[in-house]
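What follows is one structure encoded as structure tokens, with my remarks underneath.
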Amino acid sequence: IFLRTGHAPLNKHLHHIRKSDSPSCPHCPGVNETVHHYLLECLHFRHDCHTLIGALGRRATSLQFLLMDSDATPHLVSFVNRTKRFKTTLGEV
């Protein structure tokens, strides 16, 4: 749900609530770490993104599809677990 609301513990949101010094992605200098960036653009997670696209096809390039379609949910959960981006915050999803 936090990915849908934009309140994910990613630097863009954390910076907005004064919990991070910078809104930038820790892997992509100068780029804000948003939900869209994390799921679809971050070079650090590109292999995981390709796995997601491989499982869901071209529809996986749509943030709306990834966040709202029930077909995408198990694959999205797998992506989050594989990247371990939220492990210190949420543990295993």
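Here segment 18-31 is the region considered, the condition is being buried (at least 17 other Cβ atoms within 10 Å of the Cβ) and at pLDDT 95 or above, and the residue that is nearest to V80 (Cα to Cα) is C25.
Please state which one of G57, G6 is touching a residue at least 12 places away in the same chain (Cβ under 8 Å) and at positive phi. Matching residue, one of G57, G6: G6.
Which residues, counting only those in segment 36-93, are among the β-branched types (V, I, T), out of contact with any Pro (no Cβ under 7 Å at 6 or more places or on another chain) and part of a helix (DSSP H, G or I)? The answer is T51, I53, T61, T73, V77, V80, T83, T88. Taking residues in segment 64-88 that are surrounded by 18 or more Cβ atoms within 10 Å (Cβ to Cβ), and partners anywhere that are acidic (D, E), the pairs with Cβ atoms closer than 6 Å and at least 6 places apart or on different chains are F79/D48.
Only one of the numbered conditions (1) assigned to a helix (DSSP H, G or I); (2) over 18 Å from S78 (Cβ atoms) is violated by G30, and that is (1). When only residues in segment 1-17 that are aliphatic (A, V, I, L, M) and outside any helix (DSSP H, G or I) count, which is modelled with the lowest pLDDT? Filtering first and then ranking leaves I1.
The values are calculated or read from the model by the stated rules, or taken from the named source; none is laboratory data. All figures in this text were calculated on a predicted structure; none of them were measured in a lab. In this analysis, Cβ positions are derived from the backbone assuming ideal geometry, glycine residues included, and neighbour counts consider all displayed protein chains.
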